[in-house]
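For reference, the structure is listed below as structure tokens.
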Protein chains: 2
Amino acid sequence: MPSHTHARLPAESAMRSVPIPVGLPTHWYNFLPDLPAPLPPVRDEGTPSAAEIALQVRPRALLDQDRPTERRVPIPEAVADLLRRIGRPTPLHRARALEAELGTRAHIYLKREDVLPTGSFKLNSAVVQAYYAAQEGRTTLVTETGAGQWGMSVALAASLAGLDSEIFMVRCSLDQKPYRRHYMELLGATVRASPSPDTSFGRELLARSPGHPGSLGTAISDAIGHALDLGPKAAYLSGSGVPHVYLHQTLLGLEVQAQLAALDEPIGVPGRGDHLIACSGGGSNLCGLVGPFLGSLGDGSRDLRLLAAESSAAPRLTAGRYRYGRSDLAGLTPEVLGYSMGPDFVPPPVHTAGLRNHHSSAAVSLLRHEGLLDAVAVEEKRALEAGRLVLRTEGLLFAPETTHALAAAVEVAVRADETAADPVIVVLASGSGLLDLQSYATVLSGGAR
Amino acid sequence: MPSHTHARLPAESAMRSVPIPVGLPTHWYNFLPDLPAPLPPVRDEGTPSAAEIALQVRPRALLDQDRPTERRVPIPEAVADLLRRIGRPTPLHRARALEAELGTRAHIYLKREDVLPTGSFKLNSAVVQAYYAAQEGRTTLVTETGAGQWGMSVALAASLAGLDSEIFMVRCSLDQKPYRRHYMELLGATVRASPSPDTSFGRELLARSPGHPGSLGTAISDAIGHALDLGPKAAYLSGSGVPHVYLHQTLLGLEVQAQLAALDEPIGVPGRGDHLIACSGGGSNLCGLVGPFLGSLGDGSRDLRLLAAESSAAPRLTAGRYRYGRSDLAGLTPEVLGYSMGPDFVPPPVHTAGLRNHHSSAAVSLLRHEGLLDAVAVEEKRALEAGRLVLRTEGLLFAPETTHALAAAVEVAVRADETAADPVIVVLASGSGLLDLQSYATVLSGGAR
């Protein structure tokens, strides 16, 4: 077609050079063989058992990904297309202005998941799960959401895959965060408050406790129960806590490895105090970041500290007990061995809904129990102050959950001054804070610079 | 230092290949010589004159950039660093899912300014203006804002440059959009409602009209008056309408040219109906996109249609009169020749605050008057429906202003089916809609897919 040969554009303006970009990984990384010990067995004694329920409501491909046979799990080309479409790989940002403000020798890198279309790393797994659900002929995605980031991600993933979505959102969050509800509904999702009168679990709970504010435990129970009611057309998806979600999130660590290599910035240099830092609620951004590094810690080729930042409102890893427990209230999930605040724990009403879990996942807890994972509990106000500092220096506004990791990183970086080496600190910047401005304003009430 | 040589990371996971990236332009593009006629003279008969006021409140370097001597204006290296830091170049996204949904042969590209940290293209000029203000020893940035995007950008640019900022926000917008106010205040900005009791203009207006809801005209008057009161330490910045802002925004068109070239996608192929489309309020995203293409239209080397999408609530380009007028109420700016709804026009209270201007800028109006610029007035509901369609197909949520351009693009793309060729349509996706979810919800009230 002659018109097409007419005008290959010349470069009409000179352009500055660009840094070496990295591509999307070809495989996810199954880090289960790199854990310091096998995952403890679950307790699953219900009737029906949680395993039987999972076989009904979860896509089979995802259950298979809970126990991959190889370390390298290929990413199908169609999934790679989806991941590119949502903006992967995400940038690895060197926070030079923050370093200067702190007067630290540390090199601080932020892995910027806030740039994804839903403003949260949760989308990395949602699009994969939606893909497999659609492959298996399931037409409705069902899930729960606390703060709303996972719900937004499932609503978007469903829309991109041409599926329906039904989302149970913790009632008090739904009332506090109308923007997230609007987003899901704009995508065509059905959003219900949990506890919900539309499920048998919710009806019973509301009959006993009419004004129940809901919790992640009620929402998981509502969602699984509803998926069971819908039958084979439905797929129940989890946003965290289970191995296949961690597998999908290993893109985080894999991209960081490739990006640091492209920058010629080694990490894990012995004696230097290099760190990987992430906040920990259900553990998926933490495991996604550190998982691909576990092998090199096991074989001693790296010296790297792994640090989980948790909320002081639910300090499971620093003050919880290692015991069996489960995440839902109705008993539809198995009991796993993990650090726990106990099943009756009610966290104070902090704004950081993503870190209010009462029970830690098996993988995170095992890393902690075996001494590979450090943990620090951060108070919300201190976290949001760190978030404000990063906004003012770097121009980037992160979610309250992320700011817990930022506060931990600031502490590590300041301490690093006392040593001779220049440590590398990588922080998983899990999400954007644009929809959390009300929380910032409420907690910090304006404060001067 | 031996530790640094220890471990250059091997590429630990295979990575897929990446598309050719483009760098940041080395120059802005001064398109004034490429306009079809000289810009008409302004009327400036006040005492003091608007020109004298500008000499006091505007950084000199910016006034010089209103009349550059060359077409290519070098971007200082320090400014280039800032622009890279905020995430430039931004992606050029091929909207293949939208194309498929429309069943169009057109290739639709979205220039994604929503990924900037403030979620708006406005930041491209704010960081430059803050740089020159700081260079000249000014310590306080003063400006007005309607919807809040420009105010957010100035607050962030001030913080990154270590300056203070004082922002006058239209009172009714301030009340409707608390998130944008929180963002500015989190950055340390002083935010005042306009009309403001802290300026002589505002005091007089409030005395006459105590419940005045404010407008862009009142806010400009408040801001310039306040900058005059503060004296030489202050710099008054504009977000649109003046040539130096358009110059800064030519990064948009320059990056698009380089990105299309890297994709081997020619634009301006004769007879094919290629389009550049942007919404038009003050005209800065429109001029920034089309400006670098004007030379090739003048010399006939391209066949390209330029289309402005305006709000049907303030349809200056399609229904206004070509006349002299000004943007502020106090008479502190010059009168310029442009398409206007007249000085007494009060637009209906639409959610799209960025397109409610009553008077078009000289450059946009000249392009229209000389027949180079097409225009279409879009109703808000139709615009937000197009925004919802793009969210559901592409997964990207854009600002109400942007959705006017999206609606225009959809119309062009659907019409393109009737022709034989595959036109290229570039839409300037000026901003993110995350903070506008309430507007989407109110206007669309849920509606099914």
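The values are calculated or read from the model by the stated rules, or taken from the named source; none is laboratory data. Just so it is clear, the model here is predicted, and its values are computed rather than measured. Reconstructed Cβ throughout: ideal geometry from the backbone, glycine too, with neighbour counts over all protein chains shown.
Yes/no matrix, rows are residues, columns are (1) in contact with a strand residue (DSSP E or B) (Cβ under 7 Å, 6 or more places away or on another chain); (2) assigned to a loop (DSSP other than H, G, I, E, B):
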{"position": "B:Val79", "(1), (2)": "no, no"}
{"position": "B:Arg84", "(1), (2)": "no, no"}
{"position": "B:Pro89", "(1), (2)": "no, yes"}
{"position": "B:Ala97", "(1), (2)": "no, no"}
{"position": "B:Ile108", "(1), (2)": "yes, no"}
Residues within the range A:390-406 that are of a type in the set (Gly, Ala, Ser) and buried (at least 23 other Cβ atoms within 10 Å of the Cβ), tallied: 2
Number of the exception - A:Asp344 against (1) without any contact (Cβ under 8 Å) to a residue 24 or more places away in the chain; (2) in contact with a helix residue (DSSP H, G or I) (Cβ under 8 Å, 6 or more places away or on another chain): (2)
Hits in the range B:410-442 (condition: out of contact with any strand residue (DSSP E or B) (no Cβ under 9 Å at 6 or more places or on another chain) and away from chain A (no Cβ under 14 Å)): B:Val414, B:Arg415, B:Asp417, B:Glu418
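Residues are listed down the side, and each one gets a yes or a no for (1) among the charged types (D, E, K, R); (2) surrounded by fewer than 21 Cβ atoms within 10 Å (Cβ to Cβ):
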residue	(1), (2)
B:Gly320	no, no
B:Arg326	yes, no
B:Tyr339	no, no
B:Pro343	no, yes
B:Pro347	no, yes
B:Val378	no, no
B:Arg382	yes, yes
B:Ala408	no, no
B:Ala413	no, no
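Pick from B:Arg392, B:Arg382: which is among the basic types (Lys, Arg), part of a helix (DSSP H, G or I) and touching a residue at least 40 places away in the same chain (Cβ under 8 Å)? Steps first, answer last, please.
Working: B:Arg382 fails: touching a residue at least 40 places away in the same chain (Cβ under 8 Å).
Only one candidate qualifies: B:Arg392.
Check whether at least one residue in the range B:350-367 is within 14 Å of another protein chain (Cβ to nearest Cβ) and in contact (Cβ under 8 Å) with a residue 24 or more places away in the chain, and report yes or no. Spell out the reasoning first.
Filtering the range B:350-367 for residues within 14 Å of another protein chain (Cβ to nearest Cβ) gives B:351.
Remaining after also requiring in contact (Cβ under 8 Å) with a residue 24 or more places away in the chain: B:351.
Yes, the range B:350-367 contains at least one residue that is within 14 Å of another protein chain (Cβ to nearest Cβ) and in contact (Cβ under 8 Å) with a residue 24 or more places away in the chain.
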Failed item in (1) crowded, with 23+ Cβ neighbours inside 10 Å; (2) closer than 30 Å to B:Thr218 by Cα, with B:Leu98 passing the rest: (2)
Counted residues, the range B:224-247 - those being buried (at least 24 other Cβ atoms within 10 Å of the Cβ) and either within 10 Å of chain A (Cβ to nearest Cβ) or under 18 Å from B:His27 (Cα atoms) (or both): 4
In the range B:258-301, residue farthest from the other protein chains (Cβ to nearest Cβ) [restricted to those that are among the polar types (S, T, N, Q) and assigned to a loop (DSSP other than H, G, I, E, B)]: B:Ser280
Near pairs, Cβ below 6 angstrom, 6+ apart or cross-chain, from the range B:186-212 (farther than 30 Å from A:Tyr440 by Cβ and at pLDDT 95 or above) to any residue that is outside any loop (DSSP other than H, G, I, E, B) and among the hydroxyl-bearing types (Ser, Thr, Tyr): B:Phe201/B:Ser221
Looking only at the range B:395-434, and only at residues there that are outside any loop (DSSP other than H, G, I, E, B), touching a Gly at 6+ places or on another chain (Cβ under 7 Å) and among the hydrophobic types (A, V, I, L, M, F, W, C), the one that is nearest to A:Asp114 (Cα to Cα): B:Leu434
The range A:95-122: number of residues that are basic (Lys, Arg) and either more than 16 Å from A:Leu396 (Cα to Cα) or without any contact (Cβ under 8 Å) to a residue 40 or more places away in the chain (or both): 3
Tally of residues being in contact (Cβ under 8 Å) with a residue 60 or more places away in the chain, surrounded by 17 or more Cβ atoms within 10 Å (Cβ to Cβ) and at the interface with another protein chain (Cβ under 10 Å from one of its Cβ atoms) across the range B:57-85: 3
Of all residues making up the range B:313-327, the number that are touching a Lys or Arg at 6+ places or on another chain (Cβ under 8 Å) and within 13 Å of B:Leu355 (Cα to Cα): 3
Sole residue being at pLDDT 95 or above and surrounded by fewer than 24 Cβ atoms within 10 Å (Cβ to Cβ), chosen from A:Gly371, A:Gly433, A:Gly387, A:Gly447: A:Gly371
Pairs where the first residue, in the range A:244-258, is within 10 Å of A:Pro89 (Cα to Cα) and the second is crowded, with 24+ Cβ neighbours inside 10 Å and basic (Lys, Arg), C-beta under 9 Å, 6+ apart: A:Leu252/A:Lys111; A:Glu255/A:Lys111; A:Val256/A:Lys111
Count of the range B:132-182 residues which are over 23 Å from A:Gln438 (Cβ atoms) and modelled with pLDDT under 95: 0
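With B:Leu92, B:Leu160 as the choices, which residue is of a type outside the set (Gly, Ala, Ser) and at the interface with chain A (Cβ under 10 Å from one of its Cβ atoms)?
Working: B:Leu92 fails: at the interface with chain A (Cβ under 10 Å from one of its Cβ atoms).
Unique residue meeting the criteria: B:Leu160.
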The range A:123-163, subset hydroxyl-bearing (Ser, Thr, Tyr) and under 13 Å from the mean Cα position of the chain (by Cα), residue nearest to B:Gly395 (Cα to Cα): A:Ser153
